[in-house]
Amino acid sequence: MSTWIIRGESVHIQTNTITYQLDMFEQFQVQDLKVGDKVFYSDSIHICCVCKIMSITIIDKITITMQIIDQHHSLATRHLRRTWGLKNLDIFKMEDIKILLLNEEEEKILDSLWKAPGTLEGMAKYEHLDNHLFRFKPVAEEWIGDKEKQKYRYQFFKSFAKEENLATMNWEHFEAIGEQLPAFQMPLLKEQAFGRQKASMDRYRQCFVDLLFGERSIENRLDNFYSSPDNRLPGFGQKSMGELLHYLLPNYYCTFTNQELYAIEHLYDEATNIKEKYSIGSRIYHYQKLINQSYLIEKYLTIVGRKTNLPIYYEISCFLRFFYHTEKNKEPFNVCHDGEEGAQYWMYTIPQSVNPGSFLDGKILTLHHGKLGDIRHYKTKQEVWKRHRQLYKTSHVPYLKTSALFQFCHEMKEGDYVFIRRKEDQIIAFGQVTSEYLFPKFPYAPSYRKVEWLKIGKWEINGRLYYRNRLINLSRYENTLTYLLELISE
């Protein structure tokens, strides 16, 4: 059985049965709908219930009868539009699309949100993390590095941190830390911490015991671990302390070197207040809390996926270091608007059969109008649909195709920008529209617009964009637009 989203009116759900009607020309939207299919039923502002298709009849109108099977939750559409895996669904962007078939992954995401609706608002609030995680995905293995070496480090610190081992720790045992922490690959740092014993072994032991087994709150213990003159490990700096914290408590804390701290302070607006309010130990406690509350782990598992069987906070730390290295010295790609305000951004997809080299050489965007002729003669989309039915003598209207024609003629403007997509996972060019809508002089030739290429290349976007339409206006979708502009700047 398939799963769908159907958009109707909330008034329809006052009983356990929903009767839903469509005009005959919308038959193409329901051609794969079957009795028994699952439906997430939505009104204009939220998905309000889950239904099961009971019957489909076609007499003058298309009538769908649905039985409500779950009505205990609701999911706000404004949040779904900002949720990874669902944000690009056409039904959330185009008012004229009323029924949409979900693929397996989309159904899985929506079903999980329906079962735990309290997570949706938070997932949407931190949607900006999605783009950075998507960029990390193809290079994750490289940033994770030597898994066996990491596995050995965790085994070492698991044994080291046992209370009975700390009680008998001597200087030789303590020195072994220097061989495990990456911070001590620099000889001068290693000499600073392990060149000579700077305090009694009781003090060294107590530093670990207080952090791992102390009776005070973990926030206070972290503050003492970092800042207390009596509890801080002699010769350890913030980088080595941040690494040590993670390896001692790998299931609770990321590594917190300057790189991870920089990443958090630039990923989260809340980090500014935390940084101003708290000392370093408490700040790390609240930064970790912020990571957990922002659904970063859930987003990581959905977008990047597990790459190791090591503690998840190790992989999150790798992502934070990736963000630091890609963002710190990044020079943004600035689009010149030539003084013109209000330019729009479009995505235009060329068919697989079209040679990309020839297409780019031609410097034009084309759309075939068929028997419809000059689209400037039509003032609304509805006029286009009506004329299509008359010309082709059919109730089946290819809504996406005809809507794209109308947008290409009436909504796209000279000076607008356009991303060229060859297939779902590749952008091949970025350009600026340099003409109005042009109707061909030759029979059967397509309508067209001229374009100037600003950037040509190959940028992979696998898993990022699911638009089914040949042409779509991206201007309102700020995060998608930002992601694409950042992508072509690389």
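The values are calculated or read from the model by the stated rules, or taken from the named source; none is laboratory data. Only a predicted model underlies this, so the values are computations on that prediction, with no experimental measurement involved. Using ideal geometry, Cβ is built from the backbone for each residue, glycine included, and neighbour counts are taken over all protein chains shown. Note: areas computed on protein heavy atoms with side chains; ligands, DNA, RNA excluded. Shrake-Rupley method; radii C 1.70, N 1.55, O 1.52, S 1.80 Å.
State the extension gain, in nm to one decimal, for the chain segment bounded by E164 and E383, taking 0.36 nm per residue of separation less the distance between their alpha-carbons.
On the way: separation 219, 0.36 × 219 = 78.84 nm, distance 8.15 nm.
Separation in residues times 0.36 nm, less the Cα-Cα distance, equals 70.7 nm.
Rounded to the nearest percent, how much of the accessible area of segment 345-426 (1.4 Å probe, protein heavy atoms only) is carbon and sulfur? Let's see the in-between values first.
On the way: 1960 of 3910 Å².
The computed percentage sits at 50.
Apply 1/(1 + (r/R0)^6) to the Cβ-Cβ distance of D32 and Y154, taking R0 = 56 Å, and write down the FRET efficiency to the nearest 0.05. Present the calculation step by step, with values, prior to reporting the outcome.
Numbers: r = 49 Å, r/R0 = 0.88.
That pair, D32 with Y154, gives E of 0.70.
Between A76 and R196, take the C-beta separation as r, use R0 = 51 Å, and let me know the FRET efficiency to the nearest 0.05. Write out the running numbers ahead of the final one.
Values: r = 61 Å, r/R0 = 1.20.
The computed FRET efficiency comes out at 0.25.
For K441, list the aspartates and glutamates whose Cα falls under 13 Å from its own Cα; do not include residues on the same chain fewer than 8 positions away.
K441 reaches D374.
Out of the trypsin sites (Lys or Arg not before Pro) in segment 161-262, which ones are loop residues according to DSSP with at most 15 other C-beta atoms within 10 Å?
Taking segment 161-262 and a limit of 15 other Cβ atoms within 10 Å, the loop trypsin sites (Lys or Arg not before Pro) found are K162, R196, K198, R216.
Distance cut-off 22 Å, Cα to Cα: go down the list K93/K307; K38/K299; K87/K423; K162/K299 and report the pairs above it. List each step's numbers first, then the result.
On the way: K93/K307 34 Å; K38/K299 26 Å; K87/K423 19 Å; K162/K299 33 Å.
Over 22 Å Cα-Cα: K93/K307; K38/K299; K162/K299.
Taking 0.36 nm per residue of separation and subtracting the Cα-Cα distance, what length does fully extending E452 through M24 add? Spell out each step's value before the answer.
Working: separation 428, 0.36 × 428 = 154.08 nm, distance 4.18 nm.
Between E452 and M24, full extension yields 149.9 nm more.
Going highest first, how would you order 397-406, 435-444, 49-58 by mean Cβ packing within 10 Å? Present the calculation step by step, with values, prior to reporting the outcome.
Details: 397-406: 20.1, 435-444: 11.3, 49-58: 17.1.
The densest-packed peptide leads the list: 397-406, 49-58, 435-444.
Can you tell me how much longer the chain between K371 and Y444 gets when fully stretched, taken as 0.36 nm per residue apart minus their C-alpha distance, in nm with one decimal? Could the numbers behind the result be given before it?
Details: separation 73, 0.36 × 73 = 26.28 nm, distance 0.87 nm.
Fully extending the segment from K371 to Y444 adds 25.4 nm.
Provide the FRET efficiency to the nearest 0.05 for the E179-E460 pair, computing r from the beta carbons and using R0 = 41 Å.
Numbers: r = 39 Å, r/R0 = 0.96.
E between E179 and E460, to the nearest 0.05, is 0.55.
Per residue, how much accessible area does the chain show when a 1.4 Å probe rolls over the protein heavy atoms, in square angstrom? Mind showing how you got there, number by number?
On the way: 23970 Å² over 490 residues.
For the chain, the per-residue accessible area is 49 Å².
Using the crude model of +1 on Lys and Arg Cβ and -1 on Asp and Glu Cβ, and no other charge, please compute the dipole size for the chain relative to its Cα centre, in debye to 20.
On the way: 64 positive and 62 negative charges, 210 e Å.
Roughly 1000 debye for the chain.
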